[in-house]
1. Given the conditions (1) open to solvent by 10 Å² or more (accessible area, probe 1.4 Å); (2) farther than 22 Å from Thr391 by Cα; (3) away from the ligand (no atom under 16 Å from the Cβ); (4) touching a helix residue (DSSP H, G or I) at 6+ places or on another chain (Cβ under 8 Å), which single one is not true for Val114?
2. Tally up the residues in the range 19-64 that are assigned to a strand (DSSP E or B) and over 22 Å from Pro398 (Cα atoms), please.
3. Can you tell me which of (1) among the small types (Gly, Ala, Ser); (2) within 16 Å of the ligand (Cβ to nearest atom); (3) open to solvent by 10 Å² or more (accessible area, probe 1.4 Å) is the one Ala124 doesn't meet?
4. Which residue, of Ala91, Ala102, is of a type in the set (A, V, I, L, M) and outside any helix (DSSP H, G or I)?
5. If I go through the range 156-199 residue by residue, how many of them are more than 14 Å from the ligand (Cβ to nearest atom), touching a residue at least 60 places away in the same chain (Cβ under 8 Å), in a loop (DSSP other than H, G, I, E, B) and open to solvent by less than 10 Å² (accessible area, probe 1.4 Å)?
6. Hey, Ile310 hits all of (1) under 25 Å from Lys409 (Cβ atoms); (2) open to solvent by less than 10 Å² (accessible area, probe 1.4 Å); (3) in contact (Cβ under 8 Å) with a residue 40 or more places away in the chain but one; which does it fall short on?
7. Looking only at residues in the range 285-307 that are more than 24 Å from Leu213 (Cβ to Cβ) and over 18 Å from the mean Cα position of the chain (by Cα), which one is surrounded by the fewest Cβ atoms within 10 Å (Cβ to Cβ)?
8. Among the candidates Ser258, Ser249, single out the residue that is modelled with pLDDT of 95 or more, surrounded by fewer than 21 Cβ atoms within 10 Å (Cβ to Cβ) and either within 24 Å of Ala91 (Cβ to Cβ) or of a type in the set (Ser, Thr, Tyr) (or both).
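The values are calculated or read from the model by the stated rules, or taken from the named source; none is laboratory data. Everything numeric here is computed off the predicted structure, so don't read it as measured data. Reconstructed Cβ throughout: ideal geometry from the backbone, glycine too, with neighbour counts over all protein chains shown. The area values use the complete protein model at the heavy-atom level, side chains included, leaving out ligands, DNA and RNA. Shrake-Rupley method; radii C 1.70, N 1.55, O 1.52, S 1.80 Å.
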Amino acid sequence: MTAHQVTAHQNSGSWLIRGVTIPGSGEQATDILLGDGSVTAVGPAASQPGARLLDAGGLIALPGLVDLHTHLREPGREDAETVATGTAAAALGGYTTVHAMANTDPVADTAGVVEQVWRLGRAAGHCDVQPVGAVTVGLNGARLAELGTMADSAARVRVFSDDGRCVSDPLLMRRALEYVKAFGGVIAQHAQDPRLTEGAQLNEGEMSARLGLAGWPAVAEEAIIARDCLLAAHVGSALHVCHVSTAGSAEIIRWAKSKGWPVTAEVTPHHLLLTDELAAGYDPVFKVNPPLRTATDVAELRRALADGTIDCVATDHAPHPVEAKETEWAEAAFGMTGLETALRVVQRAMVDTGLLDWAGVADRMSVRPARIGRLTGHGTPLAAGAPASLTLYDPAAPAQAVTPAGASKSRNNPFAGMELPGRVVATFLRGVPTVLDGKLA
Ligand SMILES: [Zn+2]
């Protein structure tokens, strides 16, 4: 039998994953037995007659990855992505849950729309879809949406965000924080002062000046984060900061956390690896909101993720149809895809650099995002009794160029052509494989 090959036995619902390493659990190869949606046993030579066998020699097992920030585009922009294609991309990237952002058409600002997205996710079956509710009606920043009815709906919304837009009105932000406190929700802020970024195209600095692109100053992000940290402390309610992109933002969050304030934060794979220098060729695949920043920012974001100031990695997977990206820089849409490459990028940026070990990756890409999303049944360290949702990854797979074609409907992947290490070999969702041998199961 070749490595990672699957041997089918009787038609049993159980799987025996043989010879795998669970980071943080002694680093010795062991066996994991899955059955009935749970991890039944962990230990050498765990066995079960009739279980299907997966030879996982050389692989590591991580609890299924959780993304706090995915744009699935459905309803409304099914030409860019659907719940089915986006969750297939997620499974191939090792994810077992994605939080679907609310900037769809119609906007996910009612119980009806969030339940629709939740049902589409269940029907697709590639991974769990946890809808994010809009903070304001129509993302218009004028009036609070029906946060309570979305929380009480079948979709059980706990994370609310106007992502794509900033809740810039401080009184509205305060009211939103006050409202979700009652049911333990969290407001996820897209921190971007709208006045300071009118017409902005690229990080304000040497590159934007050289390329003649309107600058996007770091302070436009940092000022909102500072204000919202103060509001979260004042109200005593949870703030989550989306896609932190500057060294200054990390410093503000570090300060807020040192006070014990209820603030969490995420960073994207692209902000951990790419810089504004890539805009030199005016290729809009590198146009994103917030923009790519400088090498100094990248270094500080990595340090903040490593020391826990930034809690987690979130993809901000933002698919766009070809015509929206293959145009002039100024006209192109903001956003990059990222679900299928996130873990490989994190290996390159954080593990291969010695900043984070694989137990740390499990924490930043599964345990902590599940906690921030108030999820049950995800982000549980792999042990007997835990949900059988996990990712098998080959960190030793030689670096290979990222292919632009994947399960996502869109092709705006900034890592396409770039050589990245590692390979997602298999993903299990409650004991059922969604990916085997790197392909949809
Ligand atoms: Zn955003």
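1. (1)
2. Result for the range 19-64: 14.
3. (2)
4. Ala102
5. Residues that pass the stated criteria total 1.
6. (1)
7. Asp307
8. Values: Ser249 fails: surrounded by fewer than 21 Cβ atoms within 10 Å (Cβ to Cβ).
Step by step, each of Ser258, Ser249 is checked, and only Ser258 is modelled with pLDDT of 95 or more, surrounded by fewer than 21 Cβ atoms within 10 Å (Cβ to Cβ) and either within 24 Å of Ala91 (Cβ to Cβ) or of a type in the set (Ser, Thr, Tyr) (or both).
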